[in-house]
Amino acid sequence: MKILYFDPESVHGKYIKILRQRGHDVATASSCADAFAMMRRQVFDVLVMDCAQDTLDILNFTAKAHGLQPLLAVFLGDEWGDELVTGLEELRNVLTMLEDDECARLAVEGRMA
(Lines give C-alpha, C1' and ligand atoms only; values in the text may rest on other atoms or scores of the structure.)
Protein backbone atom coordinates (compact mmCIF):
# COMPACT_ATOMS: atom_id res chain seq x y z
CA MET A 1 0.00 0.00 0.00
CA LYS A 2 1.28 3.48 -0.86
CA ILE A 3 1.08 5.77 2.18
CA LEU A 4 1.75 9.50 2.50
CA TYR A 5 2.73 10.15 6.11
CA PHE A 6 2.27 13.83 6.95
CA ASP A 7 3.78 15.14 10.17
CA PRO A 8 4.37 18.91 10.34
CA GLU A 9 6.44 18.53 13.51
CA SER A 10 8.89 15.99 12.09
CA VAL A 11 9.28 13.50 9.26
CA HIS A 12 10.26 10.80 11.73
CA GLY A 13 6.80 9.75 12.92
CA LYS A 14 6.90 6.84 15.31
CA TYR A 15 4.98 4.51 12.97
CA ILE A 16 6.98 5.04 9.76
CA LYS A 17 9.56 2.34 10.52
CA ILE A 18 6.86 -0.19 11.47
CA LEU A 19 4.86 0.53 8.33
CA ARG A 20 7.93 0.09 6.13
CA GLN A 21 8.84 -3.15 7.91
CA ARG A 22 5.36 -4.44 7.06
CA GLY A 23 5.94 -3.81 3.38
CA HIS A 24 4.18 -0.48 2.89
CA ASP A 25 5.64 2.14 0.57
CA VAL A 26 5.78 5.20 2.84
CA ALA A 27 6.56 8.72 1.62
CA THR A 28 6.90 11.50 4.20
CA ALA A 29 6.04 15.19 4.17
CA SER A 30 6.57 17.79 6.88
CA SER A 31 4.71 20.72 5.31
CA CYS A 32 1.35 21.17 3.63
CA ALA A 33 3.07 22.39 0.47
CA ASP A 34 5.26 19.27 0.32
CA ALA A 35 2.30 16.97 0.92
CA PHE A 36 0.21 18.57 -1.83
CA ALA A 37 3.17 18.57 -4.25
CA MET A 38 3.66 14.85 -3.64
CA MET A 39 -0.05 14.19 -4.20
CA ARG A 40 0.16 16.01 -7.54
CA ARG A 41 3.04 13.75 -8.66
CA GLN A 42 1.86 10.34 -7.44
CA VAL A 43 -1.23 8.51 -6.28
CA PHE A 44 -1.48 7.32 -2.68
CA ASP A 45 -3.84 4.81 -1.10
CA VAL A 46 -3.70 6.44 2.32
CA LEU A 47 -2.88 9.76 3.94
CA VAL A 48 -1.82 9.54 7.58
CA MET A 49 -1.84 12.88 9.37
CA ASP A 50 0.25 12.60 12.51
CA CYS A 51 -0.35 15.99 14.07
CA ALA A 52 -2.25 17.63 16.87
CA GLN A 53 -5.57 19.12 15.82
CA ASP A 54 -4.53 22.56 17.03
CA THR A 55 -1.49 22.65 14.71
CA LEU A 56 -3.41 22.24 11.44
CA ASP A 57 -6.83 22.98 10.00
CA ILE A 58 -7.48 19.28 9.46
CA LEU A 59 -10.81 19.69 7.66
CA ASN A 60 -9.41 22.20 5.18
CA PHE A 61 -6.28 20.12 4.60
CA THR A 62 -8.35 16.95 4.08
CA ALA A 63 -10.70 18.74 1.66
CA LYS A 64 -7.75 19.93 -0.43
CA ALA A 65 -6.20 16.44 -0.35
CA HIS A 66 -9.48 14.90 -1.54
CA GLY A 67 -9.61 17.53 -4.27
CA LEU A 68 -6.33 16.11 -5.57
CA GLN A 69 -7.11 12.46 -4.87
CA PRO A 70 -10.82 11.84 -4.24
CA LEU A 71 -10.42 8.16 -3.28
CA LEU A 72 -7.71 8.80 -0.69
CA ALA A 73 -8.32 7.17 2.70
CA VAL A 74 -7.40 9.48 5.59
CA PHE A 75 -6.23 8.39 9.03
CA LEU A 76 -5.60 10.78 11.91
CA GLY A 77 -2.61 9.45 13.80
CA ASP A 78 -3.66 11.11 17.08
CA GLU A 79 -7.08 9.50 16.94
CA TRP A 80 -5.79 6.01 16.13
CA GLY A 81 -2.80 5.98 18.47
CA ASP A 82 -1.18 2.56 18.74
CA GLU A 83 -4.01 1.05 16.66
CA LEU A 84 -2.90 2.96 13.54
CA VAL A 85 -0.83 0.10 12.13
CA THR A 86 -3.67 -2.36 12.76
CA GLY A 87 -6.17 -0.06 11.04
CA LEU A 88 -3.92 0.32 8.01
CA GLU A 89 -3.44 -3.46 7.82
CA GLU A 90 -7.21 -3.94 7.86
CA LEU A 91 -7.60 -1.36 5.09
CA ARG A 92 -5.00 -3.21 3.02
CA ASN A 93 -6.96 -6.44 3.50
CA VAL A 94 -10.17 -4.75 2.35
CA LEU A 95 -8.45 -3.26 -0.71
CA THR A 96 -6.99 -6.66 -1.56
CA MET A 97 -10.43 -8.28 -1.29
CA LEU A 98 -11.91 -5.62 -3.56
CA GLU A 99 -9.14 -6.17 -6.11
CA ASP A 100 -9.67 -9.94 -5.93
CA ASP A 101 -13.42 -9.52 -6.40
CA GLU A 102 -12.84 -7.23 -9.40
CA CYS A 103 -10.53 -9.81 -10.95
CA ALA A 104 -13.09 -12.55 -10.34
CA ARG A 105 -15.85 -10.43 -11.87
CA LEU A 106 -13.76 -9.63 -14.94
CA ALA A 107 -12.84 -13.31 -15.36
CA VAL A 108 -16.49 -14.34 -15.27
CA GLU A 109 -17.47 -11.59 -17.69
CA GLY A 110 -14.66 -12.66 -20.01
CA ARG A 111 -15.93 -16.24 -20.06
CA MET A 112 -19.47 -15.11 -20.82
CA ALA A 113 -18.47 -12.90 -23.75
- Query: Just wondering, is there one or more residues in the stretch 72-83 that are surrounded by fewer than 16 Cβ atoms within 10 Å (Cβ to Cβ), modelled with pLDDT of 75 or more, part of a helix (DSSP H, G or I) and not β-branched (Val, Ile, Thr)?
  - Reply: yes
Per the filter on the stretch 12-35, residues assigned to a helix (DSSP H, G or I) and surrounded by 18 or more Cβ atoms within 10 Å (Cβ to Cβ) are 16, 19, 35
*asked:* Could you go through the stretch 43-58 and let me know if any residue there is modelled with pLDDT of 75 or more, open to solvent by less than 70 Å² (accessible area, probe 1.4 Å), part of a helix (DSSP H, G or I) and within 26 Å of residue 17 (Cα to Cα).
replied: yes
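The values are calculated or read from the model by the stated rules, or taken from the named source; none is laboratory data. These numbers were taken from a predicted model, which means no experiment stands behind them. All Cβ positions, glycine included, derive from the backbone under ideal geometry; neighbour counts span all protein chains shown. Protein only, heavy atoms only, side chains kept; ligands, DNA and RNA dropped before computing areas. Shrake-Rupley method; radii C 1.70, N 1.55, O 1.52, S 1.80 Å.
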